[in-house]
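Computed from the coordinates by the stated procedures, all read-outs in this text should not be read as laboratory data. Given the structure is predicted, the values throughout are model-derived calculations rather than measurements. Ideal geometry is used to build each Cβ from the backbone, glycine not excepted, and the neighbour counts take in all protein chains shown.
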Amino acid sequence: MKRPLNILGILVGIIAIVGIASASISVGNIQITPSGDLVAGKTQASASFNILFSSSGGYTFDNDHVLSMDTELADAIWTYSVYIDGNENPSKTFTGQNIRFSGWELSYPSDREISSRPGWKELHLR
C-alpha cells in the first residue's frame, strides 16, 4: 500500500495540468513522511513541496485561473505560504481534502519571483 506515492502523483498531476493551461510551474523539494506503508486510522502522514511560478505572458499566473490541489486522505490540514521575491507572506491553514489558490493570489508582473510552500498532514486514511 504505497498511499504517499499515489497521493503525490495526484498532486503533481493537478499542478502539471494547471501549469500547462496557465503559466510555467515547477515543483521541487518533495518530502513525504512516513516513507513506507500507511495503516488506516493509525498512521499520521505529512507532505511538503515547493512550487515555483515562472513568468508566462507577462505574469507569473493567469489572474482568471485557479490552482487546485487534492488528496484522498481524510481530515487533511493544509498549510501554505506564498513567497514574493523571497519574502514570506503570512502562512494560511485550511482543512479538507482540497485547497484552491485563486489567480489573483498568484498573479504578479513577470519581474517578480513567486513561489509557494504548501503541505498537508492528516490523521486518518479512508
Report task. Calculate, for Asn87 and Gln44, the FRET efficiency according to 1/(1 + (r/R0)^6) with r their C-beta to C-beta distance and R0 22 Å; round to the nearest 0.05. Result -> 0.10
Query raised in the report: Applying 1/(1 + (r/R0)^6) with R0 = 41 Å to the Cβ-Cβ distance of Trp104 and Ser35, what FRET efficiency is obtained, to the nearest 0.05?
Result: 0.65
Report summary line: Of 97-109, 27-39, ordering from highest average Cβ density within 10 Å down gives 97-109, 27-39
Report summary line: Taking placed amide H atoms and a strict 5 Å upper bound, the residues 5 or more places from Ala45 or on another chain that come that close are Glu122
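Report the full-extension gain for the segment Ser54 to Asp70: residue separation times 0.36 nm, less the Cα-Cα distance, to one decimal in nm. It would help to have the intermediate numbers written out before the result.
On the way: separation 16, 0.36 × 16 = 5.76 nm, distance 2.22 nm.
Net length gain for the segment: 3.5 nm.
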**Report entry** Full-extension gain in nm, Asp111 to Thr79, via 0.36 nm per residue minus C-alpha separation
**Finding:** 8.9 nm
Query - Total formal charge among the other residues, if their Cβ is under 12 angstrom from that of Phe61, Lys/Arg +1 and Asp/Glu -1 - result: -2
